[in-house]
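Peer 1: The structure's right below; bear with me while I get my questions together.
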Amino acid sequence: MEYDPVRRGIAELIGTFTLIFAGMGSIVFASSGVIGVALAHGLAIAIMVSAVGHISGGHFNPAITLGFLVTRRIAPALAGVYWAAQLAGGILGALALRATFPSEADLDRGVPVLNSTIGWGSGVALEAIMTFLLVWVVFATAADPGGTFKSIAGLAIGLTITIDVLAAGTLTGAAMNPARSLGPELVFNIWDDFTVYLVGPAIGGVVAALLYNWLYLRPGESVPVVGTPESGVLEPRPGDAATD
């Protein structure tokens, strides 16, 4: 695909919308508890990465895009398009839930907030650790030319979100994604602990991206790209990474 911010941005918007709609919706009537919530979030991302990863790279998360930006794997202007699209997807997903779910649904439950048993610092640390794991897996499966994009990238990324939610979802909501928090926060006007969901994912995403890039993606290596060299996004084409 040629450098086309609009089409890539739409893919990011739809993917983020799916995460918010499915993930937040699963919390409201979660009869299966944290397992159902974890699966809803993980499956939403696994499906969308598999569906449109070849178009935009399947970020759906400003923290992932930030990781690509600090490692110079996405052009700054395109990163801005991604962030705007991801936030729009988060807002639209929350609005869709408010418009379609019954009035008795407690949609406020879907807005991530800290459990009363932990403080701001622990919340930031947990979100940073979970986002680190997520971005590490994204780089290992989708950004590394020796990775396995064609085979399991969507599944691996989705399962990472699932295990993160299982591990700490009851403590922080396991957002790992500023769009996952900001969209619902803006729509439902709930701002408790909102800085946790900006600072934690940003730290975790940047550290994971820089560390993986430094350890395994040495400068000068040939990296297959999506689209033309002018595309601004240095990611492998589906299939290229698995043909070594």
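Peer 1: Which fully enclosed helices (runs of 4 or more DSSP H) of segment 26-126 have 1 or more residues being at pLDDT below 95 and among the β-branched types (Val, Ile, Thr)?
Peer 2: Correct list: 33-56.
Peer 1: Let me ask another. For segment 4-23, what are the residues that are open to solvent by less than 50 Å² (accessible area, probe 1.4 Å) and among the β-branched types (Val, Ile, Thr)?
Peer 2: Thr16, Thr18, Ile20, listed by residue number.
Peer 1: Being open to solvent by 50 Å² or more (accessible area, probe 1.4 Å) and free of Cβ contacts under 8 Å to residues at least 24 places away in the same chain is the filter here; which residues of segment 84-121 pass it?
Peer 2: The answer is Ala99, Thr100, Pro102, Ser103, Glu104, Ser116.
Peer 1: Could you list, in sequence order, the residues of segment 191-210 that are farther than 19 Å from Leu69 by Cβ, touching a residue at least 24 places away in the same chain (Cβ under 8 Å) and surrounded by fewer than 18 Cβ atoms within 10 Å (Cβ to Cβ)?
Peer 2: Those that are farther than 19 Å from Leu69 by Cβ, touching a residue at least 24 places away in the same chain (Cβ under 8 Å) and surrounded by fewer than 18 Cβ atoms within 10 Å (Cβ to Cβ): Asp192, Thr195.
Peer 1: Of the residues Leu234, Leu198, only one is at pLDDT below 95 and closer than 19 Å to Val81 by Cα; which?
Peer 2: Step by step, each of Leu234, Leu198 is checked, and only Leu234 is at pLDDT below 95 and closer than 19 Å to Val81 by Cα.
Peer 1: Tell me, yes or no, whether segment 196-208 has at least one residue that is in a loop (DSSP other than H, G, I, E, B), under 21 Å from Ala38 (Cα atoms) and among the aliphatic types (A, V, I, L, M).
Peer 2: Taking every residue of segment 196-208 in turn, none turns out to be in a loop (DSSP other than H, G, I, E, B), under 21 Å from Ala38 (Cα atoms) and among the aliphatic types (A, V, I, L, M).
The values are calculated or read from the model by the stated rules, or taken from the named source; none is laboratory data. In this text the structure is predicted, and so the values were computed from the model without any measurement. We place every Cβ from the backbone using ideal geometry, glycine too, and count neighbours over all the protein chains shown. Note: areas computed on protein heavy atoms with side chains; ligands, DNA, RNA excluded. Shrake-Rupley method; radii C 1.70, N 1.55, O 1.52, S 1.80 Å.
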